[in-house]
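Enquirer: Before I ask anything, let me first share the structure, which is written out below as structure tokens.
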Amino acid sequence: ASHHLHDSVVGIQDSLLLLLTQTAGSLNEEQKRLLGMAKETTDKLSHSIKEILTASDIQEGRLKLDLSRFDVVSLAESCAEGFKQWAEEKSINLMKELPKNLLMVKADKEKITSLINNLIANSFKATAKDGNISLKVSAYKDEECKDRDFVIVAVEDTGMGIPEMELDKVFEKFTTAGASHAHEKFSGLGLGLPLAKEIIGLHEGKIWIDSKWGKGTKISFTLPVIKE
């Protein structure tokens, strides 16, 4: 059913894109605004359907990782660049703390990119004007796995944080812990962090959250580093 819905939504997205690029004829400003709203809503629906498909694949043991070698530092830099305009529009200080050396991993680049983007996007929704968001990447030593080297990626914000009573629910499916206190509405199904935990686990890494109510949230995940 989800595959059928996804195919239908893709058809709608394609048609909206043709209209917005005025391939099918010119538009006035009000028509552009309404079509833009329709495309934004359809994109959110498409994202939710993809999350359901991924959750189903994980549950049934069908999820396949498309592994490739890439530098996490460069990937993080690229993700941060994609949020420059949003940071300017919201007057939020988006900071990067990235090492100069490469930190190579063998992972599913598309899924890790999506994970980092989702974490940053959630921080923007949780953080008020003039707040701070930081993206940090560094080498990491796991005390429980001392024979391997890891890279740690962390997204930290000065948003409202998550109440202590909700912290143990952040990785539960269909739960949006802290969403009711965010500065912008969270429109997802509550699958983002549960799926992130599963995907990072498949990469033999870890993910965890530190948050204080009224102070902000920090979400960190690790991936094993490979040596060239």
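The values are calculated or read from the model by the stated rules, or taken from the named source; none is laboratory data. Everything numeric in this text was worked out from a predicted model, so none of it was measured. Using ideal geometry, Cβ is built from the backbone for each residue, glycine included, and neighbour counts are taken over all protein chains shown. Keep in mind that these areas ignore ligands, DNA and RNA; they rest on the heavy atoms of the full protein, side chains included. Shrake-Rupley method; radii C 1.70, N 1.55, O 1.52, S 1.80 Å.
Enquirer: Do you know which residues across the range 179-197 are outside any loop (DSSP other than H, G, I, E, B), open to solvent by 20 Å² or more (accessible area, probe 1.4 Å) and at pLDDT below 90?
Expert: Those that are outside any loop (DSSP other than H, G, I, E, B), open to solvent by 20 Å² or more (accessible area, probe 1.4 Å) and at pLDDT below 90: ALA179, SER180, HIS181, GLY192, LEU193.
Enquirer: Which of the following residues is out of contact with any Gly (no Cβ under 8 Å at 6 or more places or on another chain), of a type in the set (D, E, K, R) and closer than 18 Å to LEU191 by Cβ: ASP108, ASP142, ASP149, ASP130? Talk me through it step by step, then tell me what you get.
Expert: Working: ASP142 fails: closer than 18 Å to LEU191 by Cβ; ASP149 fails: closer than 18 Å to LEU191 by Cβ; ASP130 fails: closer than 18 Å to LEU191 by Cβ.
Residue meeting the stated conditions: ASP108.
Enquirer: Right, next: Might you let me know whether the range 131-145 holds any residue that is part of a helix (DSSP H, G or I) and either open to solvent by less than 50 Å² (accessible area, probe 1.4 Å) or closer than 17 Å to SER78 by Cα (or both)?
Expert: No: the range 131-145 contains no residue that is part of a helix (DSSP H, G or I) and either open to solvent by less than 50 Å² (accessible area, probe 1.4 Å) or closer than 17 Å to SER78 by Cα (or both).
Enquirer: Do you know which residues across the range 19-32 are assigned to a helix (DSSP H, G or I) and surrounded by 12 or more Cβ atoms within 10 Å (Cβ to Cβ)?
Expert: Passing the criteria: LEU19, LEU20, GLN31, LYS32.
Enquirer: Could you please tell me which pairs satisfy a Cβ distance under 9 Å, a separation of 6+ or placement on different chains, a first residue in the range 94-117 that is farther than 16 Å from GLU51 by Cβ and among the acidic types (Asp, Glu), and a second residue that is modelled with pLDDT of 95 or more and surrounded by fewer than 17 Cβ atoms within 10 Å (Cβ to Cβ)?
Expert: Going by the 9 Å Cβ cut-off, the qualifying pairs are GLU97/SER138.
Residue by residue, here is whether (1) polar (S, T, N, Q); (2) at pLDDT 95 or above; (3) assigned to a loop (DSSP other than H, G, I, E, B) holds:
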{"site": "SER56", "(1), (2), (3)": "yes, no, no"}
{"site": "ARG69", "(1), (2), (3)": "no, yes, no"}
{"site": "GLU89", "(1), (2), (3)": "no, no, no"}
{"site": "LEU94", "(1), (2), (3)": "no, yes, no"}
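Enquirer: Let me ask something else about it. Out of the residues in the range 33-75 meeting the condition of being over 30 Å from ASN101 (Cβ atoms) and β-branched (Val, Ile, Thr), tell me which one is surrounded by the most Cβ atoms within 10 Å (Cβ to Cβ).
Expert: ILE49
Enquirer: A follow-up question, please. Determine, yes or no, whether GLY82 is touching a residue at least 24 places away in the same chain (Cβ under 8 Å), surrounded by 19 or more Cβ atoms within 10 Å (Cβ to Cβ) and small (Gly, Ala, Ser).
Expert: Numbers: touching a residue at least 24 places away in the same chain (Cβ under 8 Å): yes; surrounded by 19 or more Cβ atoms within 10 Å (Cβ to Cβ): no; small (Gly, Ala, Ser): yes.
Considered against the rule, which asks whether it is touching a residue at least 24 places away in the same chain (Cβ under 8 Å), surrounded by 19 or more Cβ atoms within 10 Å (Cβ to Cβ) and small (Gly, Ala, Ser), GLY82 comes out as no.
Enquirer: Let me ask something else. Could you please give the count of residues in the range 85-130 that are open to solvent by less than 90 Å² (accessible area, probe 1.4 Å) and either hydroxyl-bearing (Ser, Thr, Tyr) or farther than 30 Å from ARG148 by Cα (or both)?
Expert: 17
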